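Shown next, in structure tokens, is the structure this report addresses.
What follows draws every value from the coordinates through simple rules; no lab data is involved. Remember, predicted model here, so these are calculated numbers, not experimental data. All Cβ positions, glycine included, derive from the backbone under ideal geometry; neighbour counts span all protein chains shown.
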Amino acid sequence: MPTDPRTVLFVCVENACRSLMAEAMFRANPPPGWTAVSAGTQPAAAPNPRTARMLQEIGLELPAHPPQRMTEEMLAAAGAVVAMGCLDRASCPAVRTQVRVRDWSLPDPASLDDAGFRRVRDELRARVEGLRRELALGDRRRAALAPGR
């Protein structure tokens, strides 16, 4: 898999709630040229049943792929990696990447009631928006410094 520095990889344990929501949120309005993918260190068999409903409440749909295992190739290809809280696990391969990993340390909403799930979703939405702005600003800075400008 070739490196695509304009791909954000969102990682959580099961790829059933947080990382799927982050992928959907980022893909809904990415900075120009950017895309996102999500994966899990121990993917679930299916998305959490509430994930689709929680995304629909804010006008978004689940990504088309089922929960999938994060691979070394995904890590190597990503320009940015965001972990949802698995970096405290020695088994998390994201800690071995050369790309700086942001750890948002959000609680797993699967064990929370609907209000708690919404709080995680809304916090995730705010952080994804911040990441979008950060990446777009970085692109503008690079363009301004490019030779021939």
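For a footprinting-style exposure proxy, rank Glu123, Glu57 by other Cβ within 10 Å, fewest first. Each step should come with its number before you reach the end.
Working: Glu123 15, Glu57 11.
Result, fewest neighbours first: Glu57, Glu123.
Please arrange Arg121, Arg132 by counting, for each residue, the other beta carbons lying within 10 Å of its beta carbon, fewest first.
If I rank by nearby Cβ atoms, fewest first, I get Arg132, Arg121.
Rank the residues Met84, Met21 as a footprinting-exposure proxy: fewest other Cβ atoms within 10 Å of their Cβ go first. All intermediate terms of the calculation are to be shown ahead of the outcome.
Values: Met84 28, Met21 32.
Listed from fewest to most nearby Cβ atoms, that is Met84, Met21.
So what's the net charge close to Asn15: Lys and Arg +1, Asp and Glu -1, counting the other residues with Cβ under 10 Å from its Cβ?
0
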